Amino acid sequence: WLGSTVMSPHLHLSLRPEDRLELIDLTTKGSARARTITRAQILLLADRSQGERRTQTVIAQTLRCSASRVNAVLNRYLEHGLQDALYERPRPGTPPKIDGVTEAHLMVLACSAPPEGRKRWTVRLLADHMVELGHLDSVGRMTIHRSLKQNQIKPWQVKSWCLPKPSAKFVAKMEDVLDVYARPYDPRFPVICFDEASKELRTTPRGGILPTPGQPAREDYESARNGTANLFLAVEPLAGKRSVRVTDRRTNIDFAQELRRLVEVEYRQAEKVVLVTDNLSIHSINALYEAFEPEVARRIARRVEWHYTPEHASWLNVAEIELSALSTQCLGRRIESREALERQIAAWERSRNRQKSRIIWHFRTDDARIKLRRLYPTFQSPEAAPTHKP
């Protein structure tokens, strides 16, 4: 092996056989960083053992880099060897302000309850507390933020959800509803999901201004409350059909009248309406007997097949999905009166029904038994039960 620390434009080097094999392997695989591959190519082109003699200028033009870079790589190889020529040297600088131990204290603090009088941890609050606790003399917000980001901790975010308790009752209702959703479409037995919501009626006394180029829509922060309206929503997921009715109240009488309209008007041709709803007190046959004569109540009840979602499992009611679409597309704004509300909802309903926007439910009973296994009660098989001899 021949080399010199002083490189001339025409001086070449001879690579060790093992170094050449490593460089060929590195450039062939292409898994290294681009700058590392370029350095390896410089060394391979400068190797005079292959018979060709290339100047540093030719190597630089071939690899589209500077001649000084070629000279630096070759000098580092001759002085310190292959690894030093290929890879970056450690750069001098101050040690990181947050080491492993300090970062562990920061993560514990960020995952704890915030101090009294504060809603949540913020980056500035965490920085101040790290100094107060003596873990750091001083620290900037960006240093704290980078550490939190690297550990994927966001103490300012809060997610809410219902946590059902494992029970046979929950599982029985869940699998019953999932079996209903798994049925094929049959117009004789339409599956109808039913739910309700409320809408606060508000008006803007001073009006608003429509958007213009470069300027969003504007409205005065002051509003006047005009009461509340109730919405009954029924959706047939597989047919892409829904109906929404606005009422002043949400009582047994109102529910019974809406159910009669569904059974005897909307789906009068069906043999039986398969109704999926939640466990609200008004969702029962009792409401029919409060609103109608016994003969009428029994006639309506015979044409309804009831299925109830479990408690704390509103996600099992497809009507919740449709109510979310209604809120996002239509109701997420100020609406001043019931008349305006009915007009807006009617236009939304016509548009959705014209498009036949369907809801396809993919979560099945087999999926629930795997993904929601923790909600299933544990039991002991009869074979494993202890036997008592007389």
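Summary table
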{"quantity": "Full-extension gain in nm, R89 to F189, via 0.36 nm per residue minus C-alpha separation", "calculated": "28.6 nm"}
{"quantity": "Solvent-accessible area per residue, Å², over the chain with all protein chains present [probe radius 1.4 Å]", "calculated": "62"}
{"quantity": "Spin-label zone in region 234-258 - amide nitrogen under 18 Å from a point set 7 Å from the Cα of R354 along the C-beta vector", "calculated": "240-244"}
{"quantity": "Region 189-298 - convex hull of the alpha-carbon atoms, volume per residue in Å³", "calculated": "158"}
{"quantity": "Fraction of accessible area attributable to carbon and sulfur, the chain (%, probe 1.4 Å)", "calculated": "51"}
{"quantity": "Reported label for calculated Rg/Rh (Cα atoms, Kirkwood Rh) given (i) 0.96; (ii) 1.23; (iii) 1.01", "calculated": "(ii)"}
{"quantity": "Of K165/K241; K119/K199; K29/K154, those spanning more than 31 Å from alpha-carbon to alpha-carbon", "calculated": "K165/K241; K29/K154"}
{"quantity": "Label point at R120 placed 7 Å out along Cα→Cβ; residues across region 141-173 whose backbone nitrogen lies under 20 Å", "calculated": "141-163"}
{"quantity": "Relative contact order of the chain, defined on C-alpha pairs under 8 angstrom at six or more residues apart (%)", "calculated": "14"}
{"quantity": "Förster-model FRET efficiency, 51 Å R0, D176 and R146, C-beta, rounded to 0.05", "calculated": "0.50"}
{"quantity": "Peptides ranked, highest mean first, by Cβ atoms within 10 Å: ranges 232-242, 321-331", "calculated": "232-242, 321-331"}
{"quantity": "Anchor K149: lysines whose Cα lies under 17 Å away (excluding residues fewer than 8 positions away in-chain)", "calculated": "K97"}
{"quantity": "FRET efficiency estimate (nearest 0.05) - Cβ-Cβ, E342 to R206, R0 35 angstrom", "calculated": "0.90"}
{"quantity": "Under-5 Å amide H pairs with I335, H placed in peptide plane, nonlocal only", "calculated": "R202"}
{"quantity": "Distance (nanometres) between label positions extended 7 Å along Cα→Cβ at H312 and Q329", "calculated": "3.3"}
{"quantity": "Calculated FRET value between V108 and C162, using beta carbons and R₀ = 35 Å, to 0.05", "calculated": "0.75"}
{"quantity": "Ordering of 190-198, 97-105 by packing [mean C-beta count within 10 Å, highest first]", "calculated": "190-198, 97-105"}
{"quantity": "Cα-projected label distance for E264 with N226, points at 7 Å along beta-carbon direction, nm", "calculated": "3.3"}
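The values are calculated or read from the model by the stated rules, or taken from the named source; none is laboratory data. Computed from a predicted model, the values in this text were never measured in an experiment. All Cβ positions, even for glycine, are placed from backbone atoms using ideal geometry, and neighbour counts span all protein chains on display. Note: areas computed on protein heavy atoms with side chains; ligands, DNA, RNA excluded. Shrake-Rupley method; radii C 1.70, N 1.55, O 1.52, S 1.80 Å.
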